Amino acid sequence: MTKEEVHGATAEEEQAQSKKALKKQQKEAEKAAKKAEKQAKLAAEQQSTDEDDFAKDRYGVSAMVQSQQKLDRALVRVQDLIPEKADQLIWLRARVHTSRAKGKQCFLVLRQQQFNVQALVAVGDHASKQMVKFAANITKESIVDVEAFVKKVEQKIESCSQQDVELHIERIFVISQAEPRLPLQLEDAVRPDGEGEEEGRATVNQDTKLDNRVIDLRTTTSQAIFRLQSGVCQLFRDTLTKKGFVEIQTPKIISAASEGGANVFTVSYFKTSAYLAQSPQLYKQMCICADFDKVFCVGPVFRAEDSNTHRHLTEFVGLDIEMAFNYHYHEVIDSITDTMVQIFKGLRDNFQTEIQTVNKQFPSEPFKFLEPTLRLEYTEAVAMLREAGVEMGDEDDLSTPNEKLLGRLVKEKYDTDFYVLDKYPLAVRPFYTMPDPNIPKYSNSYDMFMRGEEILSGAQRVHDAQLLTERAIHHQIDLEKIKAYIDSFRYGAPPHGGGGIGLERVCMLYLGLHNVRQTSMFPRDPKRLTP
């Protein structure tokens, strides 16, 4: 090929390339023009939409509430939305539990604690397309203020607690917006375990729930559990106050281990060390010696036990009782069992909504109890267990499996979930326990059980300084460390007894739950110190 031919070929290629480039530029210019036209059209539509949006003042995101104004506006509670309120125009504040857009309408479920109601925004005289779209895009768990008409429904809304009414929304304003991505879905957190597995739907494991406890506590189940727990405390206080008990507050930072054992948390205390109280035991007794006659307290109790079980916590709420008695420590047992029975009755009569709510996720048999409460002696319990094939000595302590087995045997024989086991072997009880005067190897001590698990441990206390010193020496306790305690009994002390109840255990066992962390709002165990 000659030079001229090569040059001609190159010129042709360049011309072809420049044509290609020109075409490309033209295409890009057309594309840009179309894009600009589309944007202009959208902008025009938006402007026209804004102008056409007759409902634009009826919805939106409110300014942050910084107490700018006092509105004379009553907010109705979701639980009060009943057919009698039909056709009333009301205001309501709730969380958006779910939302579902369908054509020209949007269905919302609005939740307030353990109650929820269906709401509807539909295009009409008061709601525009834009308002429906806005409602559909509100993120789950956002808090909204809603003005709506209460309407009766022909067919019950099975998925909501308020089954006979729904809300027809007139106005909707977001008060606090939730982030779009939630750490867990509330409907997954309340799904019964078996149901999730069968249908291939998600359930949430316990650690995830506890790591995101603020969200988990919003579930209907958690709301019900902790409202019932509040009821237990209220019933405990009310019952004992009526019986003439005085509520006391005891120190939690102490100079010696309350129970004389090793399961205690040490804290630095200026230039020395102190301990977190394992029990208000010593101070309750001091109050009896100070003539308060009958006392109780509700407060935190700390146990440094490395127990990772379903029923152990390193910090729990103790419901503690101590009282002077006249002639026999059974007066104390009768007082405590009657208090427990009043609590059980109060829960049964006043907390059915909460019990049923928990039962939906965690089904269990209703809690059974007798009046008067069944009381068995330790020797009878040992005989029942031996009859069932358990090998144990007369003075052996009950193991957890044997406690559960005994609970089943008692339920079969006496049809009760609550009973007292009396006269424990002295060897397995603390140093301040009064020995049985007739059979010294036993003691005037007792435990109380719910569904085969211990919820209270108690006894008649040694109220004589000399005998108390002897018992402490027998248990190899440093007398110097409990000097103030022993000295309390040197100036005249009435015979007395009491016990300590674990609040979280009572709630767990009453509801038939399987883990104490479900009934502890922010549980503490050997592996969990947050949130």
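How are the alpha carbon pair distances in region 99-245 distributed across 5 Å bins from zero to the largest one, expressed in percent?
P(r) for region 99-245, in whole percents per bin: 2, 8, 14, 16, 17, 15, 11, 8, 5, 3, 2, 1, 0.
Tell me, in nm to one decimal, what length is gained between THR379 and GLU470 on full extension, where the rule is 0.36 nm per residue of separation less the Cα-Cα distance?
Result for the pair: 30.1 nm of gain on full extension.
Using the heavy atoms of the protein chains and a 1.4 angstrom probe, tell me the accessible area per residue for region 442-531 in square angstrom. Walk me through the intermediate numbers first.
Working: 3550 Å² over 90 residues.
Value for region 442-531: 39 Å² per residue.
Once fully extended, how much extra length lies between ALA21 and LYS404, figured as 0.36 nm per residue of separation less the alpha-carbon to alpha-carbon distance? Present the calculation step by step, with values, prior to reporting the outcome.
On the way: separation 383, 0.36 × 383 = 137.88 nm, distance 8.56 nm.
Extra length from ALA21 to LYS404 when fully extended: 129.3 nm.
Where nothing but the Cβ of Lys and Arg (+1) and of Asp and Glu (-1) is charged, how large is the charge dipole of region 164-255 around its Cα centre, in debye to the nearest 20?
So the magnitude is around 820 debye.
Can you spot the aspartates and glutamates whose alpha carbon is less than 15 Å from LYS368's alpha carbon? Ignore those fewer than 8 places along the same chain.
Within the straight-line limit of under 15 Å, LYS368 reaches these aspartates and glutamates: ASP338, ASP349, GLU412, ASP415, ASP417, GLU453.
Give me the distance in nm between label points sitting 7 Å out from Cα along the Cα-to-Cβ direction at ASP193 and ALA290, one decimal.
4.7
Quick check: net charge around ILE157, other residues with Cβ under 14 Å of its Cβ, Lys/Arg +1 and Asp/Glu -1? If you can, show how the numbers build up before the last one.
Numbers: positive: ARG100, ARG111, LYS151, LYS152, LYS156; negative: GLU154, GLU158, ASP164, GLU166.
Here the charged neighbours net out to +1.
Calculate the FRET efficiency for HIS168 and ASN137 from the Cβ-Cβ distance with a Förster distance of 22 Å, rounded to the nearest 0.05. List each step's numbers first, then the result.
Details: r = 20 Å, r/R0 = 0.89.
Result of the calculation: an efficiency of 0.65.
Which value, in nm² and rounded to one decimal, describes the direction-averaged projected area of the C-alpha convex hull of region 271-342?
Numbers: hull surface 29.5 nm².
Over every viewing direction, the Cα hull of region 271-342 projects on average to 7.4 nm².
At q = 0.13, 0.20, 0.24 Å⁻¹, what is the log10 ratio I(q)/I(0) for region 72-176, with the Debye formula run over Cα points and no solvent?
Values, matching the q order: -0.40, -1.00, -1.46.
Among GLN105, CYS289, TRP91, pick out the residue whose Cα is farthest towards the positive end of the charge dipole of the chain, where Lys and Arg carry +1 and Asp and Glu carry -1 on C-beta, about the Cα centre.
Of the listed residues, the answer is GLN105.
Carbon and sulfur together cover what percent of the accessible area of the chain at a 1.4 Å probe radius? Walk me through the intermediate numbers first.
On the way: 14140 of 28680 Å².
Carbon and sulfur together cover 49 percent of it.
Relative to the first principal axis of the alpha-carbon coordinates of the chain, what is the inclination of helix 465-474, with its axis defined by its Cα atoms, in degrees from 0 to 90 and to the nearest 10?
70
Where does region 221-518 land on Rg/Rh, using Cα atoms and the Kirkwood Rh? Spell out each step's value before the answer.
Working: Rg = 19.1 Å, Rh = 20.0 Å.
A ratio of 0.95.
Could you order ARG181, ARG375, ARG58, ARG517 by accessible surface area, starting with the largest, using a probe radius of 1.4 Å? Can you show the working numbers first?
On the way: ARG181 205, ARG375 95, ARG58 45, ARG517 20 Å².
From most accessible down to least: ARG181, ARG375, ARG58, ARG517.
Among THR379, VAL516, SER399, flag the residue with its Cα farthest along the positive direction of the charge dipole of the chain, charges on Cβ as +1 for Lys/Arg and -1 for Asp/Glu.
It is VAL516.
Once both labels are modelled 7 Å past Cα along the beta-carbon direction, what's the ASN212-ALA484 spacing in nm?
4.7
Length gain on complete extension for the stretch ALA202 to LEU71, per 0.36 nm per residue less the alpha carbon to alpha carbon distance?
Length gained between ALA202 and LEU71: 42.9 nm.
Relative to the first principal axis of the alpha-carbon coordinates of the chain, what is the inclination of helix 378-387, with its axis defined by its Cα atoms, in degrees from 0 to 90 and to the nearest 10?
Approximately 70 degrees, to the nearest ten.
Work out the length of the dipole vector of region 221-518 about its Cα centre, built from +1 on the beta-carbon of each Lys and Arg and -1 on the beta-carbon of each Asp and Glu, and round it to the nearest 20 debye. Before the final figure, lay out each step's value.
Numbers: 31 positive and 40 negative charges, 162 e Å.
Charge dipole, region 221-518, about its Cα centre: 780 debye, nearest 20.
Give me the one-decimal nm value for the distance between modelled label points at ALA33 and ASP338, 7 Å along each residue's Cα-to-Cβ direction.
9.7
Given the DSSP H assignment, sum -39500 (n - 2.57) over each helix run of at least 4 residues in the chain and divide by its residue total; what's the result at 222 nm in deg cm²/dmol, nearest 500?
The helix-only estimate for the chain comes to -11500 deg cm²/dmol at 222 nm.
Measure nothing fancy, just the Cα-based angle from helix 220-242's long axis to the longest principal axis of the chain, in degrees from 0 to 90, nearest 10.
With both axes taken from Cα atoms, the answer is about 30 degrees.
About the Cα centre of the chain, how large is the charge dipole given +1 on each Lys and Arg Cβ and -1 on each Asp and Glu Cβ? Please answer in debye to the nearest 20. Walk me through the numbers on the way to the answer.
Values: 70 positive and 79 negative charges, 376 e Å.
Value, rounded to 20: 1800 debye.
Can you tell me what the convex hull of the Cα atoms of region 320-465 projects to on average, as an area in nm²? Could you put the intermediate results ahead of the total?
Values: hull surface 40.7 nm².
The Cα convex hull of region 320-465, projected and averaged over all directions, gives 10.2 nm².
Could you point to the residue in MET450, HIS463, PRO437 farthest towards the positive end of region 373-490's charge dipole, with +1 and -1 charges on the Cβ of Lys/Arg and Asp/Glu respectively?
HIS463
How would you classify region 411-531 from its alpha-carbon gyration tensor, with a ≥ b ≥ c the square roots of the eigenvalues: rounded for a/c under 1.5, else prolate if a/b is greater than b/c, otherwise oblate?
Values: a/c = 2.69, a/b = 1.51, b/c = 1.78.
In terms of gyration-tensor shape, oblate.
Semi-axes, largest first, in whole Å: what does sqrt of 5 times each Cα gyration tensor eigenvalue give for the chain?
Numbers: eigenvalues 881, 191, 109 Å².
Equivalent-ellipsoid dimensions as semi-axes: 66, 31, 23 Å.
Round to the nearest 0.05 the FRET efficiency obtained for ALA101 and ASP80 when R0 = 25 Å and r is the Cβ-Cβ distance.
Working: r = 28 Å, r/R0 = 1.12.
Between ALA101 and ASP80 the formula returns 0.35.
Report the FRET efficiency, 1/(1 + (r/R0)^6), for THR530 and GLN356, where r is their Cβ-Cβ distance and R0 is 41 Å, rounded to 0.05. The partial results should precede the final answer.
Working: r = 32 Å, r/R0 = 0.79.
Computed FRET efficiency for THR530 and GLN356 comes out at 0.80.
Over the heavy atoms of LYS38, what accessible area does a 1.4 Å probe trace out, to the nearest 10 Å²?
Roughly 140 Å² of LYS38 is accessible to a 1.4 Å probe.
Hey, what D do you get for region 410-477 in µm²/s if you plug the Kirkwood alpha-carbon radius into Stokes-Einstein at 25 °C and 0.890 mPa s? Walk me through the intermediate numbers first.
Details: Rh = 13.1 Å.
For the chosen part, D equals 188 µm²/s.
Would you kindly find the accessible area of SER488, with a 1.4 Å probe and non-protein molecules such as ligands, DNA and RNA excluded, rounding to the nearest 10 Å²?
Rounded to the nearest 10, the figure is 30 Å².
Find the relative contact order for region 72-176 and round it to a whole percent, using C-alpha pairs within less than 8 Å whose residues are 6+ positions apart.
Numbers: 247 pairs, mean separation 32.4, N = 105.
Here the relative contact order equals 31 percent.
The values are calculated or read from the model by the stated rules, or taken from the named source; none is laboratory data. From a predicted model like this one, the values you see are computed outputs, not experimental measurements. No Cβ is skipped: glycine too gets one built from the backbone with ideal geometry, and neighbour counts run over all protein chains shown. When the accessible area is computed, the model is the full protein with side chains, heavy atoms only, and any ligands, DNA or RNA have been set aside. Shrake-Rupley method; radii C 1.70, N 1.55, O 1.52, S 1.80 Å.
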